[in-house]
Amino acid sequence: MAKKYIHTEVGGQKVKLSNLDKVIYPETQVTKAQIIQYYLGIADYILPHLTDRALTVIRFPDGIDKQSFYSKDKPDWTPEWVGSANIQHDEKMINYVKCDDAASLCWLANLACLELHPMQYQMKNKPNPDHIIFDLDPDEGLDFADVKLAAERLKPFLEGYGYTPFLKTSGGKGLHIYIPIESKWHTDTVSASVKKLAGVFVSGYMDNYTLQIPKAKRKGKILIDIYRNHSSNTTVSPFSLRGRAGAPVSLPIHWEHLADLERSNQYDINTFRDYLDEHGNAWADWQNKKAGLHDQKIKTQIANLDTSKLKDYLKKRDFTNTPEPIPEVGVEDKSRYCIQLHDATNLHYDLRLEHEGVLMSWAVPKCLPFEGDQKRMAIRTEDHPIKYLDFEGTIPKGQYGAGSMWLMEKGTINWKEKSKKKYKFELSNRKGIVYHIFQTRDNQWLLDADKETQIDDKVKPMLADAGKEIPSAAKYSFEVKWDGIRVFIRLQSDKITIISRSGRDITKHFPELHDVDRFDCEQGLFDGEIVVLDPTGAPVFPDVISRMHTAGDAAIERLSKSKPAVCYLFDMIQLDGKELYKYSNERRRELLDCILKSGESYRFSQDFPDGKALFEAIKAKGMEGIMAKQKDAPYLPGTRCRHWLKIKVRSNEECYIIGYTAGKGDRSAVFGALHLAVYTDGNMVYKGKVGTGFDMATLKKYFALFSVVPHTSKPIEDAIEEESRTVWIEPVYRCEIQYASLTPNGTYREPVFVKLVDG
């Protein structure tokens, strides 16, 4: 078919256009004319990301369902007003197209160059990039919520190194994070720097993220693809179309809108404008946020510091591979301290006391003394810089002190005595306790206290409010709602006590939960749920209730083997003599995950970023529901509030009314509850009774209806409650009920009357 040409003028240049009615995106019937219109309309947004950059394009001349072409070389028939850039690759010189103006953009769009992939440097700064790229690429089977969580974690991590990260959809299945940098360093230097930085991040989440490209090594993980930063690689430009179904756009978005983003191809050629009009260009000032390359800044800073007091600290660390503070000595001594929990080779506490511009540091293998005549061995380590008072994070594998570190406490010191081998002091957050620490030999010291800490042992559990809708993942995380017995697990003096929600000691009923070795601490109060699981891993509520009410040591021991209990722990509110109520839910759970060594008896109740997906999975499994917990919420003992929401799975079913019980009290003139049944393979199956969902008006209305229905003999063989007070009637009427789940004998749990279907 002959091509149809028209000529137009763009920015003073004549551009020849062809076959404008050709469909490029068959599924949505998007034509080449619409693509040209899109790129011209978005020119002011996209050109700042293309100007003076060598461009690789992906062409789809016959549509996205036909052959595509990955093109770097500038065609011989390119108009003379379209710019170009020569770049040497190994032994080959490539003459790339540049897109410096709207006319060039129009010309590329006419060639069905749907995807525009620019270099990370402008030719005037060749070969020094002006931005870094992190491409979050999920393995098959991972949910988009996992990708969003990775981005949420990367943002503060990168900001901690002085960078300003910017976010965009990839238009495919992942997300892209761009970081503007000064154009001072060669691509190879930048690439090496980024690889180290990504390694630090991944080391804190080895189970979730990887830098390994082979599919076999990234199974179930998100690839943090930093290889886009190599000199020969490119990434799709912000605002570029993608050659995928639906004509998606790789769109810059504001960080505050990440939580509500449902997928990476959410914005397309028809919907992107709505976002821009409402929220504006998220990257409008991105090149004004350029930062120096972090490792280069660190080298310069260290070179200009007096590190004589911290030479041992400096000697043990590579600050381009660890997020720890650089060795800067404090100017003013403010008598501050901090206590950190350090999950290194062995879990321990680090005590740091400010003295003469540095932090004297001791590793305390067990917690600081908090009761009785406890004494603690403490190992003197190298002095640390003052900025370590605020440090927490993950020290990467292979680095000195590798592992996660949490800041548990900080405040000021009231010095009582100072000498070279002995210190005596009070800590502002542990009033009334005087600590002594003195050297016994070499780096070994002894730490004791002259007063015990009072621990609240009568704590009431925090309670959840009912939720109808699944809240935003930006503020909430999501867990399984375990259908069991709510308990506190108290660990103290190498002994476990199990306390029910009502305050009853039920320790003896669950001997398999007396396993103190599951906890890497001396004292703790843990919030959880005891369940008995069926072979599919679903809780069986009657079984755990039976366990709690079983009497006799022999019977208890027998059931602990035949129907073993599991305790899912979801919170920790005391740890080694310290109350954690004011800590955020997110932090309490991080610490719990660190302290708990999950096994058969105790398991960490995992949280999930995607509440909707979890809810659907729980619903499919026939379980009770999910919990939504506000990430930054404290623990409020004995309080029911919307920091915690229980969202139950509810099902609806129509069933026959086969009888009713005589009413009592306010219902003495009507009925108490309705007996329900369904027909299965022609047989009547009893489903229990429903007594909620009525007001007095409906009770009177329906009682008048049921009273005139012919009575009958008992139509079922099941033994039921209140049989002597039941009136059996012919199954004339059907009703709709809503229920939480089915009991093991097939009756409805928590049924609620919705409406009468007949009559």
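Brief remarks follow.
- Residue count, the stretch 685-700 (criterion: charged (D, E, K, R) and touching a strand residue (DSSP E or B) at 6+ places or on another chain (Cβ under 9 Å)): 2
- Set K648, K629, K621: member being basic (K, R), at pLDDT 95 or above and either closer than 30 Å to F478 by Cα or touching a Lys or Arg at 6+ places or on another chain (Cβ under 8 Å) (or both): K629
- Selection status of S560, of a type in the set (S, T, Y) and either part of a loop (DSSP other than H, G, I, E, B) or touching a Leu at 6+ places or on another chain (Cβ under 6 Å) (or both): no
- Checking each residue in the stretch 155-171 for being surrounded by fewer than 19 Cβ atoms within 10 Å (Cβ to Cβ), modelled with pLDDT of 95 or more and in a loop (DSSP other than H, G, I, E, B) picks out only T164.
- Positions within the stretch 40-62 being over 25 Å from P129 (Cα atoms) and buried (at least 20 other Cβ atoms within 10 Å of the Cβ), in sequence order: F60
- Per the listing R587, R501, the residue uniquely crowded, with 17+ Cβ neighbours inside 10 Å and closer than 26 Å to K458 by Cβ is R587.
- Test set (1) at pLDDT below 95; (2) of a type in the set (K, R); (3) touching a strand residue (DSSP E or B) at 6+ places or on another chain (Cβ under 6 Å) - R588 fails condition number: (1)
- For the stretch 119-142, the criterion of being within 17 Å of Y178 (Cβ to Cβ), surrounded by fewer than 22 Cβ atoms within 10 Å (Cβ to Cβ) and over 37 Å from the mean Cα position of the chain (by Cα) is satisfied by at least one residue.
- Lone unmet requirement of (1) part of a loop (DSSP other than H, G, I, E, B); (2) free of Cβ contacts under 8 Å to residues at least 24 places away in the same chain; (3) out of contact with any Asp or Glu (no Cβ under 7 Å at 6 or more places or on another chain) for H348: (1)
- Checked against the criterion of being farther than 30 Å from D610 by Cβ, touching a Leu at 6+ places or on another chain (Cβ under 6 Å) and buried (at least 19 other Cβ atoms within 10 Å of the Cβ), the candidates C113, C99 yield just one match: C99.
- Number of the condition not met by T412 [criteria: (1) crowded, with 20+ Cβ neighbours inside 10 Å; (2) among the polar types (S, T, N, Q); (3) out of contact with any His (no Cβ under 9 Å at 6 or more places or on another chain)]: (1)
- The number of residues in the stretch 402-455 that are without any contact (Cβ under 8 Å) to a residue 12 or more places away in the chain, in a strand (DSSP E or B) and farther than 19 Å from M377 by Cβ comes to 1.
- Flag for E152 being within 26 Å of G403 (Cα to Cα) and surrounded by fewer than 22 Cβ atoms within 10 Å (Cβ to Cβ): yes
- Hey, T394 modelled with pLDDT under 90, among the polar types (S, T, N, Q) and within 25 Å of E590 (Cα to Cα) or not: yes
- Residue among L197, L142 that is farther than 23 Å from N265 by Cα, of a type in the set (A, V, I, L, M) and modelled with pLDDT under 95: L197
- In the stretch 471-497, the residues that are more than 19 Å from K578 (Cβ to Cβ) form Cβ pairs under 8 Å with partners that are part of a loop (DSSP other than H, G, I, E, B) and β-branched (V, I, T), at six or more places apart or across chains, as follows: F478/I470; I485/I506; V487/I506.
- Within the stretch 611-622, not a single residue is of a type in the set (A, V, I, L, M, F, W, C), touching a Leu at 6+ places or on another chain (Cβ under 7 Å) and without any contact (Cβ under 8 Å) to a residue 60 or more places away in the chain.
- Residue list for the stretch 719-735, restricted to those being surrounded by 15 or more Cβ atoms within 10 Å (Cβ to Cβ), over 21 Å from K664 (Cβ atoms) and not hydrophobic (A, V, I, L, M, F, W, C): P731, Y733, R734
- Among the residues listed as D448, D457, D383, the single one being at pLDDT below 95, acidic (D, E) and surrounded by 13 or more Cβ atoms within 10 Å (Cβ to Cβ): D448
- Tally, over the stretch 724-745, of residues that are within 16 Å of E654 (Cβ to Cβ) and either in contact with a helix residue (DSSP H, G or I) (Cβ under 8 Å, 6 or more places away or on another chain) or among the small types (G, A, S) (or both): 1
- Members of the stretch 176-201 that are closer than 24 Å to G393 by Cα and without any contact (Cβ under 8 Å) to a residue 60 or more places away in the chain: I177, S191, A192, K195, F201
The values are calculated or read from the model by the stated rules, or taken from the named source; none is laboratory data. Computed from a prediction, not measured in an experiment: that's the story for all the values here. Here Cβ is always computed from backbone atoms with ideal geometry, including for glycine, and neighbour counts include all displayed protein chains.
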